Each structure stands twice: as structure tokens, then as C-alpha cells.
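The values are calculated or read from the model by the stated rules, or taken from the named source; none is laboratory data. Everything numeric here is computed off the predicted structure, so don't read it as measured data. Every residue, glycine as well, gets a Cβ built from its backbone with ideal geometry; the counts of neighbours run over all protein chains shown. We work out accessible area using only protein heavy atoms, side chains counted, and drop any ligands, DNA or RNA first. Shrake-Rupley method; radii C 1.70, N 1.55, O 1.52, S 1.80 Å.
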Amino acid sequence: GIRFDSKKECQYFIYLEALEAQGKISDLKRQVRFTLQPSFSHQGKTIRAITYVADFTYVDSDGKYHIIDTKGVKTDVYLLKKKIMQFQGHEIEEV
């Protein structure tokens with residue numbers, strides 16, 4: 001009953017689920033939203049927040065937090081959001 005954006009994303013989720021079942025990773029989540037810039041008001045109008053949605057996040061056995069994106073094409077928008085995530089101290093791992 002889960003919908004994925006691509007076969008690649010689906011296959012990687014199955015792989016991560018297996019790792020979680022083996023106890024090698026924990027706290028596996030899908031479609032995790034990160035706020036790059038919060039919403040704000042400008043000249044009486046509300047400007048929507050800018051967000052990045054990671055395909056997956058999990059914690060490995062060493063306690064390291066991982067942010068995963070199963071990228072097919074690296075669009076200009078994605079590359080900009082990746083830079084902002086890096087500025088905020090987050091590294092996106094591309095599969």
C-alpha cells in the first residue's frame with residue numbers, strides 16, 4: 001500500500017527495511033520534511049516556507065543520522081536545496 005516515486009526508491013526502501021529487521025539500522029522513516037527557510041510575512045503577504053523532503057532517514061548502529069535521497073536527475077532546485085541543507089549542517093547521501 002506504499003507509493004514510491006520510482007522503482008529505485010522502492011527497491012532501496014526494501015533494502016533499508018531488511019537492514020532494520022536485522023538490527024543494523026533503526027528509526028527508519030520515509031518522506032522526512034526539513035525546513036530550509038520558514039514561512040514569513042512580507043508586505044502583508046505570507047510567503048510559504050521552503051522545504052526539502054528526503055526519501056529516507058535512519059540511524060545506523062553507531063548512532064549516526066543518515067539522510068538519503070534516491071536521485072535519478074539532479075535538478076537545479078535539488079542542488080540548491082542540497083547546498084542549503086549542507087549550510088544547516090546536514091549531509092544528503094545520494095543513492
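Can you go through 36, 28 and tell me which one is in contact (Cβ under 8 Å) with a residue 24 or more places away in the chain and farther than 27 Å from residue 11 by Cβ?
After applying the criteria, what remains is 36.
Collect the residues in segment 1-23 that are of a type in the set (A, V, I, L, M) and either in contact (Cβ under 8 Å) with a residue 60 or more places away in the chain or outside any loop (DSSP other than H, G, I, E, B) (or both), keeping them in residue-number order.
Here is the first cut: in segment 1-23, the residues of a type in the set (A, V, I, L, M) are 2, 14, 16, 18-19, 21.
Selection gives 14, 16, 18, 19, 21.
Select the strands (runs of 3 or more DSSP E) contained entirely in segment 24-95, then report the ones holding at least 3 residues which are more than 28 Å from residue 3 (Cβ to Cβ) and open to solvent by 30 Å² or more (accessible area, probe 1.4 Å). Full working, then the answer.
Working: elements: 25-37, 40-42, 45-47, 50-60, 65-69, 92-94.
Counting at least 3 such residues, we get 40-42, 45-47.
What are the residue pairs meeting all of these: first residue in segment 43-59, first residue closer than 28 Å to residue 71 by Cα, second residue among the acidic types (Asp, Glu), Cβ atoms under 8 Å, and 6 or more apart or on different chains?
Correct list of pairs: 54/69; 55/5; 55/9; 55/69; 57/27; 58/20; 58/27; 59/27.
Considering segment 12-52 alone, what residues qualify as being among the polar types (S, T, N, Q) and under 17 Å from the mean Cα position of the chain (by Cα)?
Taking segment 12-52 and keeping what is among the polar types (S, T, N, Q), we get 22, 26, 31, 35, 37, 39, 41, 43, 46, 51.
Hits for segment 12-52 are 26, 31, 35, 37, 51.
Go through segment 1-18 residue by residue and tally those that are of a type in the set (A, V, I, L, M) and over 18 Å from residue 94 (Cα atoms). Show your work before the answer.
Step one: list which residues in segment 1-18 are of a type in the set (A, V, I, L, M), which gives 2, 14, 16, 18.
Filter once more, so that each one left must be over 18 Å from residue 94 (Cα atoms): 2, 18.
Residues that pass the stated criteria total 2.
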